[in-house]
Amino acid sequence: MGTPSNIKLIDENGLRLDGRGDEELRPIKITTDVLERADGSAFIEWGGNKILVAVYGPREAYPKHTQDIEKAVIKARYNMAAFSVDERKKPGPDRRSIELSMVISNALSSVVFLEQFPRTSIDVFIEVLQADAGTRIAGLTAASVALADAGIPMKDLIVGCAAGKVENTIVLDLNKEEDNYGQADLPVAIIPKTKDIVLLQMDGDMSEDEIDRAMDLAINASLKIYEHQKDALKRKYFSIAQEDEQ
Ligand code: CDP
């Protein structure tokens, strides 16, 4: 973090490089049921992020030593395509993607009724096709929609957003320049019905008051994004109902 002197992230009118105000979200579009061979799928476009999620399962877990005799295991794999970023990303897992796969698996495990499917795995493939900061949260938000699309019993969806600090201002939903050159980034994900926090990370420095304000912004925005998730699922069932009528 730390801004190169030639980049001004917030202008004299308080607007950000992409024209947003400090509490504004980037445009978000979620589509479900996008892959025929997956049990569930979703595609999310969030600002410049484009992320595809495929869900398979519950199915017998392999290798067998990964089975839990009492419940299903969620195996989420976060992967960034080599062409998803400005500088070609070396294909394959790295420390960052292994960490993100773990925090996303943990978050999803908190809403799925895992005990209904002992010895199985629920495999969640999160493929980042184009990255523009906030991919862990966008991937997790889309993954919970893909799980619902697969008909997997869950107590709620999971939704999140990041907030952070840029040029001493608390801002919502950092873009790539803000993530790279800002002072702090705080991704948050919640179970919207209970507001339980299921993912919380921070990169950079903020005071306690700033963290409180960033969390409030991120949680309020998450509740708006929850509406996009539900709309995506409703559109799917509406189109199925229409097909049935014909
Ligand atoms: O994407 P997210 O904010 O969850 O994770 P990050 O590690 O804070 O990465 C922020 C952004 O940096 C990514 O969304 C990409 O746009 C970019 N990045 C990159 O260009 N090359 C990488 N190897 C990793 C990240």
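What follows draws every value from the coordinates through simple rules; no lab data is involved. What you see is a predicted model, and the numbers here were worked out from it, not measured in a lab. Neighbour counts are summed over all protein chains in view; Cβ atoms, including those assigned to glycine, are modelled from backbone coordinates with ideal geometry.
Here the 3J(HN,Hα) profile of region 136-150, calculated from phi with Karplus coefficients 6.51, -1.76 and 1.60 at θ = phi - 60°, is 5, 6, 4, x, 5, 4, 6, 4, 5, 5, 5, 5, 5, 4, 6 Hz, Gly and Pro shown as x. Going by Cα centres, region 93-129 and region 223-246 are how many Å apart? What the calculation gives is 24 Å, centre to centre. Loop-located trypsin sites (Lys or Arg not before Pro) across region 1-104 with a Cβ neighbour count of 12 or fewer within 10 Å are Lys8, Arg37, Arg88, with loop assigned by DSSP. In this structure the amide hydrogen of Phe117, modeled in the peptide plane, comes within under 5 Å of the amide hydrogens of Ala72, none closer than 5 places in sequence on its chain. The relative contact order of the chain comes to 21 percent, based on Cα pairs under 8 Å that sit 6 or more residues apart. Reported to the nearest whole Å, the Cα centre-to-centre distance from region 180-218 to region 1-70 is 16. Inter-label distance, Glu23 to Asn106: 3.1 nm, where each label sits 7 Å from its Cα along the C-beta direction.
Working from label points 7 Å from Cα in the Cα-to-Cβ sense, the Glu208 to Thr194 distance is 2.7 nm.
Mark the label point 7 Å from the Cα of Asp94 along Cα→Cβ and return the residues of region 124-165 whose backbone N is within less than 16 Å of it. So the set is 128-136. The trypsin sites (Lys or Arg not before Pro) found in region 158-214 that occupy coil by DSSP, while having at most 11 further C-beta atoms within 10 Å, are Lys193, Lys195.
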